[in-house]
1. Can you name the condition, by its number, that residue A:92 falls short on among (1) within 10 Å of chain B (Cβ to nearest Cβ); (2) more than 16 Å from DNA strand C (Cβ to nearest atom); (3) modelled with pLDDT of 95 or more?
2. Which of (1) in contact with a Cys (Cβ under 6 Å, 6 or more places away or on another chain); (2) within 7 Å of DNA strand D (Cβ to nearest atom) does residue A:7 not meet, given it meets every other one?
3. Quick one: in the range B:1-57, of everything that is in a loop (DSSP other than H, G, I, E, B), more than 12 Å from the chain's Cα centre (by Cα) and of a type in the set (Asp, Glu), which residue is farthest from the other protein chains (Cβ to nearest Cβ)?
4. Quick check on my filter: what residues within the range A:11-41 are free of Cβ contacts under 8 Å to residues at least 60 places away in the same chain and hydrophobic (A, V, I, L, M, F, W, C)?
Number of protein chains: 2
Amino acid sequence: MIERRDVFQAIADPTRRIIIQKLLRGPLNLAGIGEDFGISRQAIAKHIKVLNECGMISVTQKGREQFCEARLSQLDEVADWVAASRKLWSQRFEKLDKFLEETKKQNI
Amino acid sequence: MIERRDVFQAIADPTRRIIIQKLLRGPLNLAGIGEDFGISRQAIAKHIKVLNECGMISVTQKGREQFCEARLSQLDEVADWVAASRKLWSQRFEKLDKFLEETKKQNI
DNA sequence: ATATTTGGCAACCATTTGGTTGTATTATGA
DNA sequence: TCATAATACAACCAAATGGTTGCCAAATAT
């Protein structure tokens, strides 16, 4: 099994995606993230740990509070993968077009 | 727990991402996907099932073979989410700029 | 000074995940 | 026709995942 725990895996969980969305408006402490969120503090703490580990958020201690901030630059990896896949995909059709064109020429 | 088994979860697994990359060059049957891939046929079949279930690939029966083809349109959901997140993120800075500007005005 | 808020730690749990092996079925090629 | 290639089906397994509860420690507010 290949190493997991990367950005792809981080955003795979819908709860974590919601947490990220919440953080987009500004930094929040764990309690703030937990508001209107039928989920225990500990569960949130675990998600925060995952997000932090793969660089999707940064965590800053401030007294007894822990402020989390989104780190969207890590999403580049995802965006790049999607873009690269699409590019390869479209190239596949170009190759097919070229092939059809060649075939056409030969039939004339 | 919220419903999973969506595109995000589909591309979360590195093995599945490799399978998708393989399929970008053209359709393959299960055996073809399994080539140079230290993994059992059954494991691949399971990944194929997941990818099919969330529309990342289409599967066509052809005699005894099962040809898989990539379906990249589903990646829109991922790309859109990333784009929307980035937009919100940048808006956050705009708001901060505006705030600072207002503050500056009042100080004059 | 004391109650409350914020969060850490640890144990526990059910389910899912990613994988395996073994056996059966069916289409195809020699 | 018959061996083989391509896949299905099922049972099983270890580890990871996403969650819980209970208790503890330390800042902070009253």
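The values are calculated or read from the model by the stated rules, or taken from the named source; none is laboratory data. Values in this document were obtained by computation on a predicted structure and should not be read as measured data. Don't worry about glycine lacking a Cβ; one is built from the backbone with ideal geometry, like all the others, and counts go over all protein chains shown.
1. (3)
2. It is condition (2) that residue A:7 fails.
3. Ranking the qualifying residues of the range B:1-57, first place goes to B:35.
4. A:12, A:18, A:19, A:20, A:23, A:24, A:28, A:30, A:31, A:33, A:37, A:39
Each row is one residue, and each column tells you yes or no for (1) within 17 Å of residue A:85 (Cα to Cα); (2) of a type in the set (A, V, I, L, M, F, W, C); (3) within 16 Å of DNA strand C (Cβ to nearest atom).
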| position | (1), (2), (3) |
| --- | --- |
| B:31 | no, yes, yes |
| B:47 | no, no, yes |
| B:50 | no, yes, yes |
| B:67 | no, yes, yes |
| B:73 | yes, no, no |
